[in-house]
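Worksheet: the structure to be examined is printed underneath.
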Amino acid sequence: MAQRTLEVSHLNTSFFTERGEVKAVQDVSISVGKGQVVGIVGESGCGKSMIARSVMGLVKKPGKIVSGSITLEGKELTSLSEKELCKVRGRDVSMVFQEPMTSLNPTMRVGKQVQEVIAIHESLPKEEARRRTLEMLSAVGIPEVEARYSAYPHELSGGLRQRVMIAMAMVMRPRLLIADEPTTALDATVETQIIALLKQLAKDGTSVLIISHNLGVIAQLADYVYVMYAGRIVEKGSVFELFDNPSHPYTHGLLGAVSSLRSQTKVLQTIPGVVPNLAHLPAGCSFAPRCKECMAKCGSEQPKLITVNSEHEVCCHLIEGADEL
Ligand code: SF4
């Protein structure tokens, strides 16, 4: 099998607080191939962003990667020193954050911010670095790049600021781009443009891991989807399989909320209850307190991932039951 760009295997990331161990990521395995767009979807607080932070080596104390492996084109990242990780970040793997206004330096011209990424990783003559910066700003669809190079972040629209963030992430042509809620702060028109841009980057060979609570964004972008709940992957599959044949009650709930927003009735469907406190997870299935299908064993036994077909796996006792019939 061809080497995957990113392989995360049995990752466990926890925070050790005065109130106990908060298990933000539990036994998570994900894989992203070259030029593939992989989505992770789930509500806020279910651990999606912590996977991204683990890959980037950005889990800070009192958090730490407890166990598991993260490889980028075969290179193990969890054993790298901070100095070694600094070389990997921005050059081999980059991240685009949710809110460009808080991620960009408000006192620095945007062109200089992109150019600074080049300066960290390569010793290029200034003119060559500037040329490459202008090229990248243009490649992400920023018009009049010479003028925009000298603009401050507050002088640009939200969409242009997000494009600058993507240019910063892409200027070293990393193998993997992680986009954490990249369109959440944008209006619908700009969201469509950013989705088109991320699709194009994947077409050009960049592997993309997109993290979102928005199933609509995931449906438009991703080839493969992981559904996450309370720190675990509860369902995974190709985008067609997952949207055509959702099997986990949580995925049904997420899809129901989207389809109710689109329906004529305008009755907003929600999933009752909230994501459990990750420091005090219930025994058995973490979704049990919110699940309409909950059975006796759901409260005591953690379900395992069951293969539905070659493109689809689900972690639910309902599927185990169907398998036994
Ligand atoms: Fe619901 Fe049980 Fe499946 Fe959990 S294991 S999602 S509680 S049916």
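The values are calculated or read from the model by the stated rules, or taken from the named source; none is laboratory data. These figures come from a predicted structure and were not determined experimentally. Methodologically, a virtual Cβ is constructed for each residue, glycine included, from the backbone with ideal geometry; neighbour enumeration extends over all protein chains shown. Heads up: the accessible areas ignore ligands, DNA and RNA and are worked out on the full protein's heavy atoms, side chains in. Shrake-Rupley method; radii C 1.70, N 1.55, O 1.52, S 1.80 Å.
Looking at the chain, send over the antiparallel percent of its DSSP beta bridges, to the nearest 5.
65
Taking R0 as 30 Å, what FRET efficiency do you get between ASP187 and LYS60 from their Cβ-Cβ distance, rounded to the nearest 0.05?
It comes out at approximately 0.40.
Counting other Cβ atoms within 10 Å, keep those with at most 16, restrict to DSSP loop, and tell me which GluC sites (Glu not before Pro) in the range 131-176 are left.
GLU144
Only four residue types carry charge here, +1 at the Cβ of Lys and Arg and -1 at the Cβ of Asp and Glu. Report the dipole size of the chain about the Cα centre in Debye, rounded to the nearest 20.
With Lys and Arg at +1 and Asp and Glu at -1, about 780 debye.
Report the Rg/Rh value for the range 171-283, based on alpha-carbon coordinates and the Kirkwood definition of Rh.
0.99
If I model a spin label as a point 7 Å beyond the Cα along the Cα-Cβ vector, how far apart are those points for HIS280 and ASP223 in nm?
It is 4.4 nm.
Per q in 0.10, 0.12 1/Å, what log10 I(q)/I(0) does a Debye calculation on the alpha-carbon atoms of the chain return?
Values, matching the q order: -0.61, -0.86.
How many nm is it between the label spots at ASN309 and GLN3, if each spot is 7 Å from the Cα in line with the beta carbon?
3.3
Which loop-located GluC sites (Glu not before Pro) does the range 1-61 contain, where loop means any DSSP state but H, G, I, E or B and the Cβ has at most 14 other Cβ atoms within 10 Å?
Listed in order of number, the matching sites are GLU18.
Please work out the FRET efficiency for the pair GLU146 and ASP204, using the Cβ-Cβ distance as r and a Förster radius of 30 Å; give the result to the nearest 0.05.
It comes to 0.80.
Given Cα pairs under 8 Å that are at least 6 residues apart, what percent is the relative contact order of the range 103-173?
47
What per residue convex hull volume, in Å³, comes out for the range 1-43 when only alpha-carbon positions are used?
Here the figure is 86 Å³ per residue.
Leaving out ligands, DNA and RNA, and with a 1.4 Å probe, what % of the accessible surface on the range 103-173 is carbon or sulfur?
Accessible surface attributable to carbon and sulfur in the range 103-173 totals 51 percent.
Averaged over every viewing direction, what's the projected area of the C-alpha convex hull for the range 103-173? Give it in nm², one decimal, please.
Result: 4.2 nm².
Find, among the trypsin sites (Lys or Arg not before Pro) in the range 1-69, those assigned to loop by DSSP (not H, G, I, E, B) with at most 16 other beta-carbon atoms within 10 angstrom.
ARG19, LYS34, LYS60
For the charge dipole of the chain, defined by +1 on Lys and Arg C-beta atoms and -1 on Asp and Glu C-beta atoms about the Cα centroid, which residue among GLY253, PRO153, ALA283 has the Cα displaced farthest towards the positive pole?
PRO153
How much length is gained if the chain between SER157 and PHE243 is pulled fully straight, taking 0.36 nm per residue apart and subtracting their Cα-Cα distance, in nm to one decimal?
Going from the current span to full extension adds 27.6 nm.
For every helix of n ≥ 4 consecutive DSSP H residues, a contribution of -39,500 (n - 2.57) applies; sum these over the chain, divide by its total residues, and give [θ] at 222 nm rounded to the nearest 500 deg cm²/dmol.
-10000 deg cm²/dmol
Summing Lys, Arg as +1 and Asp, Glu as -1, what charge do residues with Cβ under 13 Å from the Cβ of PRO153 carry, PRO153 excluded?
+3
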